[in-house]
Amino acid sequence: MAMQKVHAIRPHIRFVAAGPAIDLEYADRFEREVKKLSAFAVWIAGISPAAMRSAYDASDIVLNSSFSEGRSNSLLEAIAS
């Protein structure tokens, strides 16, 4: 996974994925991968909308890897926070 490659280069980096599972098959695979990388990676599936602002504020980088969203609301929210 890309997060593993980034962590190998910059070991101080932590990876946090936040948001609910939409594609359950993908989410199952993703969760297994994140658990393997638990030394620096975590998935917060059940994050409340109110907690998202704090998550954005604590982040240095916000990514959206959606295949279907054109203009992502999550990226707009991150810019606004």
V16 paired with V42, simple spin-label distance in nm, labels 7 Å along Cα-to-beta-carbon: 0.7 nm
Residue-normalised accessible area of the range 1-70, given per residue in Å² at a 1.4 Å probe: 80 Å²
Interchain or long-range residues, amide H under 5 Å from A41's placed H: F15
Label point distance in nm, D60-F30, each placed 7 Å from Cα along Cα→Cβ: 2.2 nm
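The values are calculated or read from the model by the stated rules, or taken from the named source; none is laboratory data. Keep in mind that what you see is a predicted model, and the values were worked out from it rather than measured. Cβ: placed from backbone, ideal geometry, glycine included. Neighbour counts: every protein chain shown. Remember, those area values only see protein heavy atoms, side chains included, never the ligands or the DNA or RNA. Shrake-Rupley method; radii C 1.70, N 1.55, O 1.52, S 1.80 Å.
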